[in-house]
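Just so you know, all these numbers are worked out from the coordinates, no wet-lab data involved. This structure is a prediction, so every number in the text was calculated from the model and none was measured. As a convention, Cβ positions derive from the backbone with ideal geometry for all residues, glycine included, and neighbour counts pool all protein chains shown.
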Amino acid sequence: MISKNELPVLNYAAWVDSRTTLHLILQIIGKAKLKLTRRKNHWWYMTLFPSSKGISTYQIPLQDGIESLDIHLDIREKAVLLQSSYKKTIRIDLSVDPTVAAFYESFMKALKSFELEPKFIKTPLDMAVQKPFDQITEYHHYDWDAITEFWKAMSWTRDVFQEFSGRFYGKTCPVHIYWHSLDLTVTRFSGKRLPNDGSKKGRLLERDTYSHEQISCGFWAGDPNVPQATFYSYTFPSPEGLDQEALNPSSAQWIDSNGSPMATLAYEEVRASDDPRATLLSFLESSYQAGAKRAGWNIEELTAPPLSDI
């Protein structure tokens with residue numbers, strides 16, 4: 001069991017350029033997966049996953065699904081590996097510090113060798129960088145120690161999120177990475193569909209994501225406004241009085257996020273606690289209970305009891 005201070009230290013300021021480079025590369029991989037994989041509700045088909053190698057797409061269909069392709073950002077190998085079920089492998093070396101533009105060119109060429117030519121918007125999604133990928137030459141930073149530490153923290157978090165997810169009988173998403181925001185998430189749904197006035201207002205991204213009542217938890221690398229790795233939870237739609245509910249541990253707090261309360265807990269608070277897993281689980285449970293109570297979910301019916309109680 002991980003105990004006090006055994007989780008990696010995540011120094012936000014120390015790897016800003018490397019984090020942006022990593023984020024852009026994952027956006028390229030994620031956008032390709034989006035176009036090469038069949039739709040699943042709430043965009044669950046476009047996501048990435050922590051793996052034993054680093055970060056992976058897992059299976060992308062080839063030849064109408066008879067064969068498949070896995071794309072791994074292999075952190076140990078310092079490379080992106082494209083590996084097919086019929087043993088063909090292409091390696092894109094990241095140890096030579098390629099620019100994002102150079103990586104994009106190599107990646108699209110590699111996909112073409114598998115007879116894949118996905119057409120996607122070439123500008124990053126929801127990032128400050130707004131040039132097309134093939135023109136981004138200013139980012140070529142690879143602090144592999146920092147990238148490795150972030151991956152380890154994300155892999156550990158994935159396991160805790162899996163445990164938390166298993167306590168719920170209702171619909172839940174996989175524990176996965178949304179590459180547009182570089183956060184690891186798990187979401188619970190009450191089963192209630194939200195009203196749709198047919199106007200198609202707002203982005204399609206949000207319309208499909210938020211079609212049903214939900215409570216979402218995540219682990220996020222941070223940004224200039226929140227310059228530290230952070231765990232969070234929000235309820236959508238946000239019920240009245242949500243931020244009046246107590247959170248655990250006491251260092252967790254409610255903050256305003258685009259006009260609605262969001263529960264937050266600094267990664268460092270979890271890392272420095274005597275029992276990080278118990279600390280994070282208490283945050284996830286208290287923020288879920290707060291949202292479910294205020295939104296009127298049937299908490300008892302949706303709770304999965306221990307096997308010993310079945």
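For the reader, a short list of remarks on this structure follows.
- Label zone at Asn5, where the point sits 7 Å out along the Cα-to-Cβ direction: segment 243-278 residues whose backbone N lies under 20 Å: 266-278
- A simple spin-label model places pseudo-atoms 7 Å from Cα toward Cβ; at Lys40 and Tyr169 they are separated by 2.4 nm.
- Between Ser52 and Asp134, full extension at 0.36 nm per residue minus the direct alpha carbon distance yields a gain of 26.6 nm.
- Protection proxy ranking, peptides 112-120, 139-147, 183-191, average beta carbon neighbours within 10 Å, highest first: 183-191, 139-147, 112-120
- Local electrostatic count at His140 - Lys and Arg +1, Asp and Glu -1, tallied over other residues with Cβ under 11 Å: -3
- With all pairs of different C-alpha atoms in the average, the Kirkwood value for the hydrodynamic radius of segment 17-135 is 14.6 Å.
- Its Cα centre serving as origin, segment 144-302 has a Cβ charge dipole (Lys and Arg +1, Asp and Glu -1) of approximately 660 debye.
- Estimated inter-spin distance, Gln162 and Asp223, nm [label 7 Å along Cα→Cβ]: 3.0 nm
- Cα-based shape type of segment 72-146, given that a ≥ b ≥ c are square roots of the gyration tensor eigenvalues and the cut on a/c is 1.5: oblate
- Ordered by the count of other Cβ atoms within 10 Å of each Cβ, fewest first, Ser199, Ser211, Ser56 give Ser199, Ser211, Ser56.
- Efficiency of FRET from Cβ geometry, Lys112 and Ser257, R₀ 41 Å, rounded to 0.05: 0.50
- Computed over the chain, the Cα gyration tensor eigenvalues convert (square root of 5λ each) into semi-axes of 33, 23, 19 Å, ordered from largest to smallest.
- When the pairs Lys78/Lys119; Lys200/Lys293; Lys31/Lys78; Lys40/Lys119 are compared against a 28 Å limit on Cα-Cα distance, Lys200/Lys293 fall above it.
- Part-to-part distance (alpha-carbon centres) for segment 1-79 and segment 147-171, which is given in Å: 14 Å
- Residues Arg277, Arg76, Arg271 in ascending order of nearby Cβ atoms (within 10 Å, fewest first): Arg76, Arg277, Arg271.
- Panel order for Ser233, Ser282, by other beta carbons found within 10 Å of each beta carbon, from fewest to most: Ser282, Ser233.
- Amide N of segment 10-44 lying under 20 Å from the label point, which is placed 7 angstrom from the Cα of Ser85 along Cα→Cβ: 33-40
- Cα gyration tensor shape for segment 236-310, rounded if a/c is under 1.5, else prolate or oblate: oblate
- Paramagnetic reach from Asp274 in segment 243-259 [backbone N under 18 Å; point 7 Å along Cα→Cβ]: 248-252
- Considered as an equivalent ellipsoid built on the Cα gyration tensor, segment 144-302 has semi-axes of 25, 19, 16 Å, the largest given first.
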